[in-house]
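The values are calculated or read from the model by the stated rules, or taken from the named source; none is laboratory data. The model shown is predicted, which means the values in this text are computed figures rather than measured ones. Note that each Cβ is placed from the backbone with ideal geometry, even for glycine, and that neighbours are counted across all protein chains shown.
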Amino acid sequence: MNMSGLSGSDDLNGMYEDIILDHYRNPRNTSSLSKPDLELDVNNPFCGDELKIQLNIKDDTITGVSVSGQGCAISQSSGSLLAERIQDSSTDTVIHVIEKVRKMMKDEPISDDDLDLIGDIEALQGVKKFPVRIKCALLGWSALEDLIKKP
Amino acid sequence: MNMSGLSGSDDLNGMYEDIILDHYRNPRNTSSLSKPDLELDVNNPFCGDELKIQLNIKDDTITGVSVSGQGCAISQSSGSLLAERIQDSSTDTVIHVIEKVRKMMKDEPISDDDLDLIGDIEALQGVKKFPVRIKCALLGWSALEDLIKKP
Amino acid sequence: MQFDVEEIRKDFPILNRKVNGKDLVYLDNAATSQKPKEVIDSIRDYYMNHNANVHRGVHLLSVEATDAYENARIQISDLINCPNSNSIIWTRNATESLNLVASSWALDNLTKESNIIITNAEHHSNLVTWQQVSEKTGCDLRYLNISDGFDLSDFENLIDEKTKLVAVTHMSNVLGYVVPIEEIVPLARKYDARVLVDGAQSVPHMPVDVLALDIDFLVFSAHKMLGPTGIGVLYAKLDLLEDMNPYMFGGDMILEVTYEDAKWNRLPYKFEAGTPNISGAISTGVAANYLMKIGMENVWEHENSITKYALEKFRELNNFNVIGDNVTQRRGGVISFTHNKIHPHDIGTILDKQGIAIRTGHHCAMPLIRSYGVVAAARASFYIYNTLQEVDQLVEALQDAEDFMV
Amino acid sequence: MQFDVEEIRKDFPILNRKVNGKDLVYLDNAATSQKPKEVIDSIRDYYMNHNANVHRGVHLLSVEATDAYENARIQISDLINCPNSNSIIWTRNATESLNLVASSWALDNLTKESNIIITNAEHHSNLVTWQQVSEKTGCDLRYLNISDGFDLSDFENLIDEKTKLVAVTHMSNVLGYVVPIEEIVPLARKYDARVLVDGAQSVPHMPVDVLALDIDFLVFSAHKMLGPTGIGVLYAKLDLLEDMNPYMFGGDMILEVTYEDAKWNRLPYKFEAGTPNISGAISTGVAANYLMKIGMENVWEHENSITKYALEKFRELNNFNVIGDNVTQRRGGVISFTHNKIHPHDIGTILDKQGIAIRTGHHCAMPLIRSYGVVAAARASFYIYNTLQEVDQLVEALQDAEDFMV
Ligand SMILES: Cc1ncc(COP(=O)(O)O)c(C=O)c1O
Ligand SMILES: Cc1ncc(COP(=O)(O)O)c(C=O)c1O
């Protein structure tokens, strides 16, 4: 029995990349907004992932964002990556980012420009090898899409 | 393809013995009694076998019996054999005969005396090789038992 | 694909079986079909290599089992040209599919004002189920007589504004007669009635396109279409399923449960309570694939040519009567028959001795059988692996049976 | 028979499977069990050699299939010491068995005056089903808290003259705790309440004697006891079954049908509408036989020794918490646990990479899981083929997971 192979597992390391683990251990933008313009709680009752997303929007720009919750490393780090990425972005850009993230998780080809656009979020790529976990990775993004597109 | 094997099939010939086929083609005691003391219609809705049994009983003796119906060769010949056998028998003997017939159909060992008691009915033995048909063979006998034992 | 019955026969291991020393001639396909090796192998493969409970599992076996289970749903969608696999509910058999519709749709949508139309040739599953709905709701149950074939004006006379459901067999398991669904649906639409098609005998044997036919509900069983026992399908339009209440309650069909209350899961899971027949679904997908590879048109053609041939042979026989032989419209590979003197049971036993498996009895359509003045009939029914030579064997054996018995 | 786990392992082909390059360590037995070769072979043999529809057939295959199907009913009777195999109804799974009792018995026997007692540790199948009965009849649904074990005085306080049903899990699929049915039945009898036992987790793992326990209803699933998916069992006392209305309507469950009416068939067929899961029943019989050959006492002993060993190991781990570890009464081979920091999902994924299959989530017992202040838990569950060495592998992998994630 060779358990020392664990940290040598490429897939695992691919999924739990340093960036992911960093965002999981130290999630960004978690303090709640005092006067959010938009707010949504989402959860996945099957595995218990929960996220609360709050936004301040001014002149089509995200001027404030808070993401907090509890759940697995993937859902929580994905939420933190999300918060980091959309802060100060225009809503158009955000819609664009959401689209690219979905594309990436569906394993569709994405261009270098797209990769530039999503930045660190590329770290979520590794989750594709674990189909049941894709839901976790997308939990926050689906919620964000609902929030942004609704009004 | 050798279909001529049919009349050479031992099992088939064992089931459709000459006695059986004879009773099937020329059933005995079919004309109904004018004043039956006991009467019962039985049927097996699954395959459509039907029998009507009528009895006249005097001083614990079967003085008249009529069995008529429609259905497969086994149920009808068994009914005819039944009628022939119980005519003029005491009800005690009839109960005895029923018991032996059941025993035979369950493939339990029966003595030479028992065989003497049931007579031609022994011809039904061949049905044992066709388990789904045993129901047909016993249809009349179960009805007779109900009739005799009820009062 | 070229249809080559000898090649197809090689796929069915049971055809090598000897019965009473003779080669098996299996002509009881309307009761259940035999299974090709790849269906049998898929069951074995599932249990040898992938077995796990589906959904909710993060481990590899569970992911594999779930993928295969859901993939089978897509294969079934393809078979009946269903646009969205969420419309495919796995049940135990056609009978359960019917009971599901009765309980979750009909009981909530019918009243003593309404009526249901079925035909006089229904299988008990599509008859007793609606008798019960009628008893519980007080709705009227009307019978369309199709003993002489479908007659549009009969149907027009029967249907009215209060008709909420037309539930008809697509192909009678006694008469072989194929009901023209394409004539039924437009009229039903006019009266806003829903159409349920009992496809237990049609889906295995001919192309069935739920979209083109615009069917509301379709039910069928895997075991009659080369698949395993213990699994069936309910197809229904999504909007109907969305509005319907769950049929059974338990694991998998819920989204969230508290001690006070529960929220239902999304389609199709709302209707799949408890651990499903996973190997059953997967191997049903394989069966559907096998049929699609052959092509349902080819299946129909092959069976049709056998049936035509057999009907001609039957007409040459004395004392044998084919039930429903008067109907010359489209008919599938089912021939029910009686003999003037010999009881079907005896015919069945004698044929069995020759290795020929036919069915005898009321074929779960008692009132129809009785309407022909008999209580039982013999039935030969065909599938892709049957041959003209087997028809010859059947006919000769019938002749011999007559010689033997009469 | 001497219990030799290495011999037993040879009977389970899937244990040779590699998962992510490692030997499979299957610890998800409470979700579904793996199948021994003889069970898998019996399915294959059925389809290769005997496949036919049951009952009503005079041909040899049908006779063989019917005999095997009915013989399996007797094997199941033997397993649970049921005196009459007509008390054994084949269903799809434990969930359907529960829904059958709810629909055909409870709805007809409960009113808004009555109450049902269940525990706070029920699987959703034995919870949502009764919530629905409560909603439909207006009856009260009472929860007996067994988080700290069964307490007779709690039960005494809950039960009264209006209690018509006590429906309890025999062994919790989360806590592993075995509810003492022998303490429940006498009190229920006193109040004339019926006792339903959810044996989904007990029948596969310990001796269950319906006669000695005097159970009214027992439900379980084949797939958790070495059998196939898609088949389950309802045991009920004959007099109860006699009085109950059919659950589904269709072929096989009727005796006689006219266009106006139908008469139900005798037990057990009254409750088995449509073509049953024939291969499923037959191979379930084989599974029951396999278990009886080993001896249910031996099964229980083996799993108990593994569980005790595993619980000790867990107590040595930091940051891992076993749910329900406070209960020291009889418990079976189920260990649910959480980590102070790592989410069960991550634990599950990391263990899967080591070939170790555990389950994560709410285990279809959401309100119970939530009562421990968590929304999900990881669960390792054992069966006859698991070894102490596998427990070591599990514990080491958990340690490694912690090192990796925290
Ligand atoms: C205690 C308990 N009851 C009922 C069930 C339901 O079993 P099934 O999904 O086979 O119907 C399960 C299985 O998850 C269980 O563990
Ligand atoms: C026309 C028709 N409908 C329904 C059924 C019922 O199918 P199952 O017994 O698989 O539920 C049958 C099969 O006998 C059938 O022939």
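Within the range B:103-115, the residues that satisfy the criterion of being in a helix (DSSP H, G or I) and either of a type in the set (Gly, Ala, Ser) or surrounded by 10 or more Cβ atoms within 10 Å (Cβ to Cβ) (or both) are B:Lys103, B:Met104, B:Met105, B:Asp114, B:Leu115. Within the range A:46-55, can one find any residue that is closer than 28 Å to C:Leu60 by Cα, of a type in the set (Asp, Glu) and touching a residue at least 60 places away in the same chain (Cβ under 8 Å)? Yes, some residue in the range A:46-55 is closer than 28 Å to C:Leu60 by Cα, of a type in the set (Asp, Glu) and touching a residue at least 60 places away in the same chain (Cβ under 8 Å).
Residues checked against (1) under 14 Å from the mean Cα position of the chain (by Cα); (2) at positive phi; (3) more than 16 Å from ligand 1 (Cβ to nearest atom); (4) of a type outside the set (S, T, N, Q):
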{"position": "D:Asp154", "(1), (2), (3), (4)": "no, no, yes, yes"}
{"position": "D:Thr163", "(1), (2), (3), (4)": "no, no, yes, no"}
{"position": "D:Met171", "(1), (2), (3), (4)": "yes, no, no, yes"}
{"position": "D:Val178", "(1), (2), (3), (4)": "yes, no, no, yes"}
{"position": "D:Leu187", "(1), (2), (3), (4)": "no, no, yes, yes"}
{"position": "D:Arg194", "(1), (2), (3), (4)": "no, no, yes, yes"}
{"position": "D:Gly199", "(1), (2), (3), (4)": "yes, no, no, yes"}
{"position": "D:Ser202", "(1), (2), (3), (4)": "yes, no, no, no"}
{"position": "D:Val208", "(1), (2), (3), (4)": "yes, no, no, yes"}
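Residues in the range A:63-102 that are assigned to a loop (DSSP other than H, G, I, E, B) and within 14 Å of another protein chain (Cβ to nearest Cβ): A:Gly71, A:Cys72.
The sole residue among D:Ile215, D:Ile231 that is within 16 Å of ligand 2 (Cβ to nearest atom) and within 25 Å of D:Gly295 (Cα to Cα) is D:Ile231. Here D:Asp154 meets each of (1) within 30 Å of D:Tyr47 (Cβ to Cβ); (2) away from ligand 2 (no atom under 16 Å from the Cβ) with one exception, condition (1). On inspection, C:Ser147 passes the criterion of being more than 15 Å from ligand 2 (Cβ to nearest atom), within 14 Å of another protein chain (Cβ to nearest Cβ) and either outside any loop (DSSP other than H, G, I, E, B) or among the hydroxyl-bearing types (Ser, Thr, Tyr) (or both). The set of residues from the range A:27-45 being more than 14 Å from chain C (Cβ to nearest Cβ) and either touching a Leu at 6+ places or on another chain (Cβ under 6 Å) or not hydroxyl-bearing (Ser, Thr, Tyr) (or both) comprises A:Pro27, A:Arg28, A:Asn29, A:Leu33, A:Lys35, A:Pro36, A:Asp37, A:Leu38, A:Glu39, A:Leu40. Among the residues of the range D:213-259, those identified as assigned to a loop (DSSP other than H, G, I, E, B), within 25 Å of the chain's Cα centre (by Cα) and within 7 Å of chain C (Cβ to nearest Cβ) are D:Pro228, D:Thr229, D:Gly230, D:Ile231, D:Met248. Only helices (runs of 4 or more DSSP H) whose full extent lies in the range C:323-406 are considered here, and none of them has at least 3 residues that are small (Gly, Ala, Ser) and without any contact (Cβ under 8 Å) to a residue 60 or more places away in the chain. Does D:Arg315 fit the bill of being under 25 Å from the mean Cα position of the chain (by Cα), outside the structural domain of D:Ser125 (by TED's automatic domain parsing) and of a type in the set (Lys, Arg)? No.
Taking every residue in the range D:260-279 that is assigned by TED's automatic domain parsing to the domain that holds D:Leu241 and outside any loop (DSSP other than H, G, I, E, B) and pairing it with any residue that is more than 16 Å from ligand 1 (Cβ to nearest atom) and among the aromatic types (Phe, Trp, Tyr), at least 6 positions away or on another chain, the pairs with Cβ-Cβ distances below 6 Å are D:Lys270/D:Trp264; D:Ile278/D:Tyr69; D:Ser279/D:Tyr46. Under the condition of being among the β-branched types (Val, Ile, Thr) and part of a helix (DSSP H, G or I), the residues counted in the range D:98-131 number 3.
Report whether or not C:Val168 is within 14 Å of chain D (Cβ to nearest Cβ), outside any helix (DSSP H, G or I), in contact (Cβ under 8 Å) with a residue 12 or more places away in the chain and within 16 Å of ligand 2 (Cβ to nearest atom). Break it down stepwise before answering.
Working: within 14 Å of chain D (Cβ to nearest Cβ): no; outside any helix (DSSP H, G or I): yes; in contact (Cβ under 8 Å) with a residue 12 or more places away in the chain: yes; within 16 Å of ligand 2 (Cβ to nearest atom): yes.
Spelling it out, it is not the case that C:Val168 is within 14 Å of chain D (Cβ to nearest Cβ), outside any helix (DSSP H, G or I), in contact (Cβ under 8 Å) with a residue 12 or more places away in the chain and within 16 Å of ligand 2 (Cβ to nearest atom).
Inspect the range D:42-61 for any residue being under 21 Å from C:Leu61 (Cα atoms), in a loop (DSSP other than H, G, I, E, B) and within 27 Å of the chain's Cα centre (by Cα) and give the result as yes or no. No, the conditions are met nowhere in the range D:42-61. In the range D:234-256, of all residues being touching a Lys or Arg at 6+ places or on another chain (Cβ under 8 Å) and over 24 Å from D:Gly280 (Cβ atoms), the one that is farthest from ligand 2 (Cβ to nearest atom) corresponds to D:Leu240. Pull up the range C:81-115, narrow it to residues that are within 16 Å of ligand 2 (Cβ to nearest atom) and farther than 19 Å from D:Trp90 by Cβ, then point me to the one that is farthest from the chain's Cα centre (by Cα). Step by step, filter the range C:81-115, then rank; the result is C:Ser103.
Surrounded by fewer than 18 Cβ atoms within 10 Å (Cβ to Cβ) and of a type in the set (A, V, I, L, M, F, W, C): is that true of D:Met248 in this structure? Judged against the criteria, D:Met248 is not a match. Applying the selection to the range D:210-256, what residues are of a type in the set (A, V, I, L, M, F, W, C), within 16 Å of ligand 1 (Cβ to nearest atom) and more than 17 Å from D:Leu165 (Cα to Cα)? The answer is D:Phe220, D:Ala222, D:Met225, D:Leu226, D:Ile231, D:Val233. Would you check which residues across the range D:4-36 are more than 7 Å from chain C (Cβ to nearest Cβ) and in a loop (DSSP other than H, G, I, E, B) and list them? Answer for the range D:4-36, where residues must be more than 7 Å from chain C (Cβ to nearest Cβ) and in a loop (DSSP other than H, G, I, E, B): D:Asp4, D:Asp11, D:Phe12, D:Gly21, D:Leu24, D:Leu27, D:Asn29, D:Ala30, D:Ser33, D:Pro36. Scanning the range C:367-400 for residues being facing chain B (nearest Cβ under 8 Å) and of a type in the set (A, V, I, L, M) gives a total of 4.
Go through the range B:102-133 and give me each residue that's in contact (Cβ under 8 Å) with a residue 40 or more places away in the chain and within 21 Å of B:Gly64 (Cα to Cα).
B:Asp120, B:Ile121
Suppose the filter is closer than 30 Å to D:Lys10 by Cα, away from ligand 1 (no atom under 16 Å from the Cβ) and within 10 Å of another protein chain (Cβ to nearest Cβ); does C:Val39 pass it? So C:Val39 fits the description; yes.
Selection of first residues in the range C:121-142 that are without any contact (Cβ under 8 Å) to a residue 40 or more places away in the chain and at negative phi and of second residues that are small (Gly, Ala, Ser) and near ligand 2 (Cβ under 9 Å from one of its atoms), restricted to Cβ pairs under 7 Å at least 6 apart or on distinct chains, gives the following pairs, ordered by first then second residue: C:Val128/D:Gly250; C:Thr129/D:Gly250.
Is there a residue in the range D:270-283 that is closer than 21 Å to D:Asp67 by Cα, more than 16 Å from ligand 2 (Cβ to nearest atom) and within 11 Å of chain C (Cβ to nearest Cβ)? Checked against the condition, which is being closer than 21 Å to D:Asp67 by Cα, more than 16 Å from ligand 2 (Cβ to nearest atom) and within 11 Å of chain C (Cβ to nearest Cβ), the range D:270-283 yields at least one hit. Evaluated against (1) closer than 28 Å to C:Lys353 by Cβ; (2) over 14 Å from the mean Cα position of the chain (by Cα), B:Ser34 falls short on exactly one condition, (1).
For the range C:366-375, taking the residues that are of a type outside the set (Phe, Trp, Tyr) and out of contact with any His (no Cβ under 6 Å at 6 or more places or on another chain), the one that is surrounded by the most Cβ atoms within 10 Å (Cβ to Cβ) is identified as C:Leu368.
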